[in-house]
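Structure first, commentary second.
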Amino acid sequence: MPVKAIKPGYHGDYKDGVEKFHGQQLLNISWDKHIMFGFPMCIPVPPQMPFGALIEKVLPGIYGSHPDFARIDWSAVQWSTASGAFVPEPGRSLADHGLRHKEQIRFRTPGLDGHNGAG
Amino acid sequence: MAADGDRKPAKKLNLKENYALLTRGLGWEPSYQKKEDIFRTVDFEGVKIHDWDKWEDPFRLTMDAYWKYQGEKERKLYAIIDAFQQNNGQFNVTDVRYVQALKVFLNGIVGLEYASHRGFNILGRELPGVGPRIAAQMQAIDELRHATTQIHAISHYNRYFEGMAEFPHQFDRVWYLSIPKSFFEDAVASGPFEFIVAISFAFEYVLTNLAFMPWMSGAAFNGDMSTVSFGFSAQSDEARHMTLGIEVIKFLLEQDPANVPLVQKWIDKWFWRGYRLLALLATMMDYMLPKRVMSWSEAWTIYYEENGGALFSDLARYGIKPPKYADVTVKEKHRVSHEMWSVFYTVRDALGFPIWLPSKEEMDWFSEKYPETFDRYYRPRFEYWRELEDKGTPFRSSTLPKLCQVCQWPCLYTEPDDASEFVHRQGEYQGEIFHFCSDGCSDIFHDEPEKYVHAWMPVHQIYQGNCFKEGVDPSAADFNPMAAALDYMGIKPGVDGGSMRDHVDAQRWESWTARPANMHEGAITDAVRKTT
Ligand SMILES: [Fe+2]
Ligand SMILES: [Fe+2]
Ligand SMILES: [Zn+2]
């Protein structure tokens, strides 16, 4: 049962439907092993943003302060979502990659596992 | 009767008769309204009660006696609070870091006492049995008293330190305070039986000692007699609340076998929700008390694993099993406070209290108390952060977190079997994606998704543009959404959060007490450096 309620069939409005984000959608991002940042991040992005722009313009603002960040070999990065691994195409948009509102992407940087064990 | 000068007064009631009249005797059978119209919420959860008279009143307390006891306790408590104020007790605590723990308590916990008061008022109206209804009414008054006395006990600190004056406003709006707030709103928005299992049993009976024992001894260790006397004053109330919790469980389980799976489900859910809420306490115990009583890991071992273990083996005869995911809590006890303090440190600019790094001496204590994890995961992190602070480039996280749809914590927890990876639990309901911090929260969501799809998630609300004060123009050229959101929440950047070293509470503490703001680090102002 979706909820036990006094009135059967109770439904509350989705508080976070994509239509409430003014043309943007939410994207969650996790840089695996780099837990020093405390948590995976959540940002609003335009669905038409090219994946390449995410890597070049967005990720440095989030993770750039980490000593591992400058050493990332982007061609070796392993990307995944809840439905499995994928290989991003820099010129195509987030939407083209099938990334829906509130989806999470994870990226793993082999050989870079956090600063001196500190995450 | 003739006035013959020989009038005999009616026989004095014995205790038992007095008790019966003032409890069961106050109920009546309705004659012109149907019972189901009066008690509208008692059936929809599916609990079966055949005979409310089987309810054993766990404490033989009548209202007249209740008022008398509580009145005496109040008089004693306020005498101590007065003395505390006259002696400037706020300057006798260990150091100003302790005051930050009080801030968290006032802003985040006092609102829960009030929410609990509301919840028990609802039960005092909705339960058809007279015995439990009166018990709920008394507890409703207790919880209101707890909120009031906590506010009074801490109010004196508010005259000297930042970040306490707007506690009801902060409770409603601050992003991380949606964690405690949503916890109780979930409970109050449940049916009466789920509420009473959630609060009276899972929270008060199973988990309250964890909040109470270390917190009150922590206050005593750190010289806060005001909070200690509040604690003593509440303790006898808590004893009653716990008795109610265990009585409720036994009553439900004895009434009908169909109640067993419902009770088990609620125990599983509310144990997990309560445990997630207590993560805040874990952090306060390990990091915010300048003099520590015991570690979170030790407290969890004694108050949950040992005491809870005995409780659940006793309940086994009813067919009740220990709460689901209790094993995860035991794995997490080695890291939860460290993970959370790390998060507080990285987001310190968006908090209502300042943050500091643990000193060398404190880290050695952690190494001893957390031999499996501290030196491996957290010491290197704190040492690196201190290095960056010394270089003048302190570490911070400026992006908002992914939140758990159920407990509303940032998804900061790591895999039960791998402390180097975050937990990722993604789920879907009607084509919409949701995220959870744990299997515990994921299960709770999927059992009743309609209850959580409209949760007020602070991060999402900020991005939707709903967390700005009236009159703020988000299209203005100099608009800063983060600053506007903090302003909306009642957090003053540069005053409330940030680093303890630079904080106004620390400066004032040193100039007023001539003692270091952080007893483990030495003074931060010249005034105290000269004298120590
Ligand atoms: Fe209370
Ligand atoms: Fe209580
Ligand atoms: Zn959660």
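For this structure, a couple of remarks:
- DSSP-assigned coil residues among chymotrypsin sites (Phe, Trp or Tyr not before Pro) in the range B:409-491, each with at most 12 further Cβ atoms within 10 Å: B:F479
- Likely footprinting exposure, B:C407, A:C42, B:C467, fewest C-beta neighbours within 10 Å first: B:C467, A:C42, B:C407
- When only alpha carbons are used to place a centre, the range B:96-155 and the range A:79-119 end up 45 Å from one another.
- Shielding of A:23-32 by partner chains, average beta-carbon count, 10 Å: 3
- For peptide A:100-106, the mean count of partner chain Cβ atoms within 10 Å of a residue's Cβ comes to 4.
- Backbone geometry of the range B:116-132 corresponds, through the Karplus equation with coefficients 6.51, -1.76 and 1.60 at θ = phi - 60°, to 3J(HN,Hα) couplings of 5, 3, 5, x, 6, 4, 5, 4, x, 9, 8, 7, x, x, 5, x, x Hz, x marking Gly and Pro.
- Cα gyration tensor category, rounded, prolate or oblate, for the range A:1-43 with a/c compared to 1.5: oblate
- Estimated vicinal HN-Hα couplings, Hz - the range B:53-66 in sequence order (Karplus 6.51, -1.76, 1.60; Gly, Pro = x): 6, 6, 5, 8, 5, x, 9, 8, 10, 9, 4, 5, 5, 4
- Principal semi-axes in Å for the protein assembly as shown [√(5λ), Cα gyration tensor, largest first]: 45, 32, 22
- Per the Debye formula on identical point scatterers at the alpha carbon atoms of chain A, with no solvent, log10 I(q)/I(0) at q = 0.12, 0.22 Å⁻¹ is -0.52, -1.31.
- Going from the fewest other Cβ atoms within 10 Å to the most, the residues B:E415, B:E36 appear in the order B:E36, B:E415.
- Computed magnitude of the charge dipole of chain B (debye, nearest 20; Cβ of K, R +1, Cβ of D, E -1): 1240 debye
- For the range B:196-212, 3J(HN,Hα) per residue [Karplus equation, 6.51 cos²θ - 1.76 cosθ + 1.60, θ = phi - 60°, Hz, x = Gly/Pro]: 6, 5, 4, 8, 6, 8, 4, 8, 6, 7, 7, 10, 4, 4, 5, 6, 7
- Remark: the Cα gyration tensor places the range B:301-389 in the prolate category, a/c being 1.5 or greater and a/b exceeding b/c.
- Take every Cα pair under 8 Å whose residues are at least 6 apart in sequence, average their separation, divide by the length of chain A, and the relative contact order is 35 percent.
- The range B:53-498: C-alpha gyration tensor shape, a/c 1.5 cut-off, then a/b vs b/c: rounded
- As computed over the range B:12-57, the Cα convex hull volume per residue (Å³): 99 Å³
- Computed over chain B: relative contact order in percent, which uses C-alpha pairs under 8 Å that are six or more apart: 16 percent
- Take the convex hull of the alpha carbons in the range B:342-382; its mean projected area over all directions comes to 3.1 nm².
- Greater than 20 Å apart at Cα, pairs in B:K250/B:K333; B:K265/B:K451; B:K35/B:K265: B:K250/B:K333; B:K35/B:K265
- Near A:E103, the amide H atoms lying under 5 Å from its own belong to A:N28; only residues 5 or more places off or on other chains count, and H is placed 1.01 Å from N.
- Amide hydrogen neighbours beyond the local backbone of B:T414, cut-off 5 Å, H modeled: B:V423
- Helix content alone sets the calculated 222 nm mean residue ellipticity of chain B: runs of n ≥ 4 DSSP H residues at -39500 (n - 2.57) each, divided across all residues, give -16500 deg cm²/dmol.
- Other residues within the sphere of radius under 15 Å centred on the Cβ of B:K76, judged by their own Cβ, net out at 0 (K and R +1, D and E -1).
Read-outs throughout are calculated quantities, based only on the coordinates presented, and are distinct from any laboratory measurement. These numbers come from a predicted model, not from an experiment. FYI the Cβ positions are ideal-geometry reconstructions off the backbone, even for glycines, and counts take in every protein chain you see.
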